[in-house]
1. Which of the three applies to segment 58-111, rounded, prolate or oblate, going by the alpha-carbon gyration tensor with a ≥ b ≥ c and a/c under 1.5 meaning rounded?
2. At q = 0.14, 0.20, 0.27 Å⁻¹, work out log10 I(q)/I(0) for segment 24-83 with the Debye formula, treating every Cα as an identical point scatterer and leaving solvent out; two decimals please.
3. Give me CYS15, CYS82 sorted ascending by neighbouring Cβ count inside 10 Å, so fewest comes first.
4. At 1.306 mPa s and 10 °C, plugging the Kirkwood radius over alpha-carbon pairs of segment 1-53 into Stokes-Einstein gives what diffusion coefficient in µm²/s?
5. Taking Rh as the Kirkwood radius, which is the inverse of the mean 1/r over Cα pairs, what is the Rg/Rh value for segment 7-119?
6. Using R₀ = 41 Å, calculate the FRET efficiency as 1/(1 + (r/R₀)^6) where r is the Cβ-Cβ separation of ARG42 and GLU153; round to 0.05.
Amino acid sequence: MSALFFSSFEVTRQCFYRTSLSYAIVNLKPIVPGHVLVIPTRKVPRLSDLHEAELASLMTSVQRVGTVVERAYGADALTVACQDGKAAGQSVPHVHFHILPRKAAGDHFANNDEIYPALENSEGTLNAELQRSASNTLKVDADEKRQPRTESEMEEEAAWLKGFFS
């Protein structure tokens, strides 16, 4: 299969779900365990740039991936979010949906709505932090509280999640 790109970043090995028009990847810096992204294959900056078939595939993928992530991580619900445009906090100019598994008891956030500032802060600094090293791997600013995961950690989670789609 062909390589997958999230904006200009090659993410093929992070992918755990793929259709002809959309795919899902594990997150470099998850806010909660199981935080994943669902992305259209064609790089477009805004939802309004998607063709009808792409939008249908994307939404079907959000639903299918969300169902699997909720079950895989023992969640009771999901936070599904899309920052559509720079003014909405989108820093990577490629449409994408965040899927975050949530729990009624023992959730990462005491107040349910605390996830939104965390998501905005996560998204708002990502593009500025991502860089390519000489070895062509992703690097992220080390001062951030949430540390980026290694490629092998992301590949391991992606391989585990793939098993739920068999």
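Each value in this text was obtained by applying a stated rule to the coordinates, not by laboratory testing. None of these values were measured; they are calculated from a predicted model. Cβ sites come from the backbone with ideal geometry, for glycine too, and all protein chains shown count toward neighbours.
1. Working: a/c = 3.51, a/b = 1.49, b/c = 2.36.
It comes out oblate by the Cα gyration axes.
2. Summing over Cα pairs of segment 24-83 leads to -0.42, -0.80, -1.22.
3. CYS82, CYS15
4. After rounding, the answer is 134 µm²/s.
5. That ratio is 0.95, to two decimals.
6. That pair, ARG42 with GLU153, gives E of 0.90.
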